[in-house]
Amino acid sequence: TAIIVPIFFLLSCLFGLSLATELSFVTCGSVVKLLNVKHNVRLHSHDVSSGQQSVTGVTTVEDSNSYWSVRGNSRAPCHRGTPVKCGQTIRLTHLNTGRNLHSHYFASPLSSNQEVSAFGEEGEGDHLDDWMVQCGGSVWEREEAVRFQHASTDTLLSVTGEQYGRPIHGQREVHAMTGPSQHSLWRAMEGVFMKPSEILIESQRFSHHAQFE
């Protein structure tokens, strides 16, 4: 973590990122930690030798393996600094390994819900890496608890509290479930947020007002 933070600070100077809380929404290109509101664990992954790697929930706040980059998918690019819209399909790429949050029709090892893993190389994966952001307004607000719906199976990214034993003792299983519940609510926490340009903000405000006139 001591190495990650100075790198983020340098990036903030070079590319117009925000380390502070001045942005009230999540933008494309941002790097964030996601907190499961019900179980107070952060979405986490770490490198393993196989083609896919485990995704878990951890209580540790400082772990750099809990950072995820907010990106577009292969069919719909997500331009850097653009606010993520409610209903938009995104990819969450694990910062340290370059693998995407992924789900498929396999049972998770502890709860037998749908398995969630991390897949791909350097941010390139397949259609099973796509997730739709479910939120209440027009854009993904940072203070809002949102849900992530798997685009191919319609399940929701969830935690229900099952804990792994060794070698990842105490980490919670992350899986996907049908139907919304308190277990599937997530909030953007620590991270580096890409600032939108002033021109972009004004353009979106005009577009938003035009829809209601």
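The values are calculated or read from the model by the stated rules, or taken from the named source; none is laboratory data. Every value quoted in this text rests on a predicted model; they were computed, and no experiment measured them. Because the Cβ atoms are built from the backbone with ideal geometry, glycine has one as well, and the counts that use them run over all protein chains shown. All accessible areas refer to the heavy atoms of the entire protein, side chains included, with ligands and DNA or RNA removed. Shrake-Rupley method; radii C 1.70, N 1.55, O 1.52, S 1.80 Å.
List the relative contact order of segment 26-195 as a percent without decimals, with contacts defined as Cα pairs under 8 Å and 6+ residues apart.
For segment 26-195, the relative contact order is 29 percent.
Return the sequence-ordered ³J(HN,Hα) values of segment 63-80 in whole Hz as given by the Karplus equation 6.51 cos²θ - 1.76 cosθ + 1.60 applied to θ = phi - 60°, using x for Gly and Pro.
Karplus values, whole Hz, x for Gly and Pro: 5, 6, 7, 9, 8, 10, 8, 8, 9, x, 9, 5, 8, 9, x, 10, 5, 3.
Quick one: pull the percent of accessible area on segment 26-195 belonging to carbon and sulfur, 1.4 Å probe, ligands and nucleic acids left out.
The value for segment 26-195 is 47 percent carbon and sulfur by accessible area.
What is the spin-label model distance, in nm, from residue 24 to residue 178 if the labels are put 7 Å beyond Cα along the C-beta direction?
3.8
Normalise the Debye intensity by I(0) for segment 121-186, one equal point scatterer per Cα, no solvent, then take log10 at q = 0.12, 0.22, 0.23 Å⁻¹ and round to two decimals.
Listed by q, the Debye log ratios stand at -0.40, -1.00, -1.02.
Mind checking the dipole of segment 103-193: about its Cα centre, +1 per Lys or Arg Cβ, -1 per Asp or Glu Cβ, Debye to the nearest 20?
The dipole of segment 103-193 has a size of about 460 debye.
Just want the answer: with Cβ charges of +1 for Lys and Arg and -1 for Asp and Glu, which residue in 132, 96, 168 is farthest toward the dipole's positive end in segment 26-195?
Going by the Cα projections, it comes out as 132.
Residue 189 versus residue 74, label points 7 Å from Cα toward the beta carbon: distance in nm?
3.3
Please list 3J(HN,Hα) in residue order for segment 141-157, calculated via the Karplus relation 6.51 cos²θ - 1.76 cosθ + 1.60 where θ = phi - 60°; whole Hz, with x for glycine and proline.
These are the phi-based 3J(HN,Hα) values: 7, 5, 7, 8, 7, 10, 10, 10, 9, 5, 5, 8, 10, 6, 7, 10, 4 Hz.
Starting from the 7 Å offset along Cα-to-Cβ, what nm value, one decimal, do you get for the label separation of residue 105 and residue 132?
With each label point 7 Å from Cα toward Cβ, the separation is 1.9 nm.
Starting from the Cα of residue 85, draw a straight line to each of the lysines and keep only those under 18 Å, dropping any in the same chain fewer than 8 residues away.
195
Keeping all protein chains in place, calculate the accessible area per residue for segment 26-195 (probe 1.4 angstrom), answer in Å².
I get 42 Å² per residue for this part.
Quote to one decimal, in nm, the extra length available between residue 154 and residue 169 on full extension: 0.36 nm per residue of separation minus the C-alpha distance between them.
Difference between extended and current length: 2.4 nm.
Please compute the alpha carbon radius of gyration of segment 26-195, then divide it by the globular-protein estimate 2.2 N^0.38 Å. Two decimals is fine.
0.92
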